[in-house]
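Chemist: Starting off with a structure, shown below.
The values are calculated or read from the model by the stated rules, or taken from the named source; none is laboratory data. All of these numbers come straight from a predicted model, not from anything done at the bench. Neighbour counts run over all protein chains shown; Cβ positions are idealised from the backbone, glycine included.
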Amino acid sequence: MSSIGELRSIALTRRKGGPRVREKHPDDKAALLFLLPWLVGVLGLTVGPIVASLYLSFTDYNLLQPPVWSGLDNFVQMFGDARFWNSFRVTVTYVVVGVPLQLALALGLAVLLDRGMRGLSFYRSVFYLPSLLGGSVAIAILWRQVFGKEGLVNGFLAWFGVEGPGWIGHPDYALGTLIVLHVWTFGSPMVIFLAGLRQIPEMYYEAASMDGAGRIRRFFSITFPLLTPVIFFNLVLQIIFAFQSFTQAYVVSGGTGGPGDATMFFTLLLYKEAFTELDMGYASAMAWFLVVVIAAFTAFNFWLSKYWVFYDD
């Protein structure tokens, strides 16, 4: 009875506009206890290293001696380094060419799979498999065997009497092989596209068919506009992932960045400066430059989205 009376008094207080005091729940301490490992991990493994790298970007630090404050010297050196700008150019080329091709292939296959073919679950799993393995060392080694001088590609060309070059060892083709590898890992965006296609009401297509619209017209008038939020999501996500690519370039080029630094990705140069040259201050400055570039690309995509992304409202 006393608990019922307390509930009635709280309800009357709220109706009269009295102060609402949040009572502590006995499970609050238990929730905080369960969250404690995550909080420790975030502070110790995420927030802490981020703050430390920001400080180290303004220091001269070689991992063996205490860091010495150097101000903007690392950034001045970075912007005057020709190898730095070459790695940035290679990475931007990789992103600008590879991401659109990957999304186009993923969208095309998603549209085909959405037509209700037999064994859809099997094909969806098979197409998703490259995304699970694309960033692994094993696939990067396999790519060296495929595009090597005696690889599968040249073996195929030999059937037609064509002698192919060593694709990975040629400065004009080395980056292209990594772009092909990136396009090949289309499984993750394809699954997301497929989920988005399943959310488009069928009545739109039925109405368009009654008006005489063909498949191409239905795609560009119905499918693409209603799928633009999903396309935008995949675009932002894949751009971020592409800028962070490292394993493919490291393994395929043997850690050298390829012939003439043709596959010297930004992350690969950052790794070499940090753990080969032991210039952790310079590497930290490069890392923060990459953060700013990714943020700029993301902000630009969000600004541009208002012109081509359509939502229900």
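Chemist: Note down all Cβ pairs under 8 Å where the first residue falls in the stretch 173-197 and is farther than 14 Å from residue 100 by Cα, the second is surrounded by fewer than 19 Cβ atoms within 10 Å (Cβ to Cβ) and among the charged types (D, E, K, R), and they're at least six residues apart or on different chains.
Modeler: These pairs meet every condition: 191/124; 194/114; 194/124; 197/114.
Chemist: Please indicate, with yes or no, whether at least one residue in the stretch 40-50 is of a type outside the set (A, V, I, L, M), modelled with pLDDT of 90 or more, assigned to a strand (DSSP E or B) and closer than 30 Å to residue 282 by Cα.
Modeler: The answer is no; no qualifying residue exists.
Chemist: Is one or more of the residues making up the stretch 269-285 within 16 Å of the chain's Cα centre (by Cα) and either closer than 19 Å to residue 54 by Cβ or buried (at least 17 other Cβ atoms within 10 Å of the Cβ) (or both)?
Modeler: Within the stretch 269-285, none of the residues are within 16 Å of the chain's Cα centre (by Cα) and either closer than 19 Å to residue 54 by Cβ or buried (at least 17 other Cβ atoms within 10 Å of the Cβ) (or both).
Chemist: Quick check on my filter: what residues within the stretch 183-203 are more than 15 Å from residue 107 (Cα to Cα), assigned to a helix (DSSP H, G or I) and either within 19 Å of the chain's Cα centre (by Cα) or not acidic (Asp, Glu) (or both)?
Modeler: Residue satisfying the conditions is 203 alone.
Chemist: Sticking with this structure for a sec: Quick check, is residue 245 outside any helix (DSSP H, G or I), farther than 20 Å from residue 307 by Cα and within 14 Å of the chain's Cα centre (by Cα)?
Modeler: The answer is yes for residue 245.
Chemist: Name the single residue that is nearest to residue 146 (Cα to Cα) among those in the stretch 248-268 being at pLDDT 90 or above and assigned to a loop (DSSP other than H, G, I, E, B).
Modeler: 263
Chemist: Check every one of the helices (runs of 4 or more DSSP H) wholly within the stretch 77-160 and list those with 3 or more residues that are closer than 19 Å to residue 194 by Cβ, touching a strand residue (DSSP E or B) at 6+ places or on another chain (Cβ under 9 Å) and modelled with pLDDT of 90 or more.
Modeler: Passing ranges: none, list empty.
Chemist: Checking the conditions here, which among 36, 63 is at pLDDT below 95 and under 24 Å from residue 249 (Cβ atoms)?
Modeler: 63
Chemist: Has the stretch 210-224 got any residue that is assigned to a helix (DSSP H, G or I), more than 19 Å from residue 107 (Cβ to Cβ) and not charged (D, E, K, R)?
Modeler: Yes: the stretch 210-224 contains one or more residues that are assigned to a helix (DSSP H, G or I), more than 19 Å from residue 107 (Cβ to Cβ) and not charged (D, E, K, R).
Chemist: Shifting gears a bit: What are the residue pairs meeting all of these: first residue in the stretch 277-291, first residue charged (D, E, K, R), second residue in a helix (DSSP H, G or I), Cβ atoms under 7 Å, and 6 or more apart or on different chains?
Modeler: Partner pairs satisfying both residue conditions: 279/273.
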